[in-house]
Amino acid sequence: MAKIGHPLRILPQIDSTNEEIKRNLAANLPEGAVVIADQQTNGRGRLGRSWHSEFGSGLYLSTLLKPDLPPENLSLVTLMAGVATATAIQHLAPVKLKWPNDILLNGKKLAGTLCECIYKPGSIPAVIVGIGINLNHTSFPKEIQGIATSLKLETGKTINRSELVLNLLQNLNSEYIEFLQRKNKNLIRKWTEQSNMFGKTMTVHQKGKTLLGTAVGLNPQGKLILQTPEGKKHVLDSGELIEATSKNL
Ligand code: BTN
């Protein structure tokens, strides 16, 4: 396994760090390569959303992984990236993980991960792990003001991006080693310990349907188990998850 962070490029501006990795795949970009940008002009989030990526205030980072594992294990990469990111921030603020890819602080969105898998049958998959963390923003555009936050806004402290990057890359390395060793139970345990969503009532919008239930845990593949008021358990792959009492993050 290559060490995550080699080679590492820091760019003043790019459309999206995930896209930049994708463009370099054909040139045989090695596993562990990292791209960081000071600003993204087309930062992307999950479900086709955009990721607010103003100059100098956030951490916008992507890395390339080439895990030689079956596709069914790959959804766990999102959980792995979440655990590595939350652990890197935990000493600065008490962040919480929300399935599948959100990192919340005081109920607002602080960070998110976007994992994209390029899987060709017969070859090792390329997984692009994109991580966005709101560090020193002092305000957000109107549309996301009520749902987004930054470490600066919540703690009053100015965050050193380089220190956070070092910490994040170390965590990604150690979590990735465990992931390749298929220590999935450890990963699920760490993810669950850093989340406060279990036991809460959630509404899920999936494939045109709406489901209401209590989040009761994750299965070994990292899928969410939601129990309806009638006691029926649903295993969720993805979808839009809204806490019954909170805003749409
Ligand atoms: C989400 O919460 O919806 C995912 C946000 C992911 C944002 C990061 S910033 C670095 C990387 N490049 C992108 O275009 N997106 C991810």
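The numbers here are math on the coordinates, done by the rules we state, and not lab data. On a predicted model such as this, the values are computed, not experimentally measured, just so you know. All Cβ positions, even for glycine, are placed from backbone atoms using ideal geometry, and neighbour counts span all protein chains on display.
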key: Cα radius of gyration and Dmax for the chain (Å)   = 17.5, 53
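By its C-alpha gyration tensor, with a ≥ b ≥ c as the square roots of the eigenvalues, how is segment 7-140 shaped: rounded for a/c under 1.5, else prolate for a/b larger than b/c, else oblate? It would help to have the intermediate numbers written out before the result.
Numbers: a/c = 2.01, a/b = 1.32, b/c = 1.52.
It comes out oblate by the Cα gyration axes.
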message = So for each of 55-64, 198-207 I average, over its residues, the number of other beta carbons within 10 Å; can you give me the resulting order with the highest mean first?
response = 55-64, 198-207
ask   = For segment 150-249, what does the equivalent ellipsoid look like in terms of its semi-axes, each the square root of 5 times an eigenvalue of the Cα gyration tensor, given largest first in whole Å?
value = 30, 21, 11
inquiry  = With n ≥ 4 as the cut-off for DSSP H runs, can you work out [θ] at 222 nm for the chain, using -39500 (n - 2.57) per run divided by the number of residues, rounded to the nearest 500?
reply    = -7000 deg cm²/dmol
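If you stretched the chain out fully between GLN13 and GLU72, how much longer would it get, using 0.36 nm times the residue separation minus the C-alpha to C-alpha distance?
Working: separation 59, 0.36 × 59 = 21.24 nm, distance 3.44 nm.
Contour length minus the Cα-Cα distance gives 17.8 nm.
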inquiry  = Within the chain, which whole H helices from DSSP have a Cα span along their axis of at least 15 Å and a mean Kyte-Doolittle hydropathy of -0.5 or more, if any?
reply    = 76-89, 161-180
note = For the pair GLU178 and SER139, the simple spin-label estimate (label points 7 Å beyond Cα toward Cβ) gives in nm 4.1
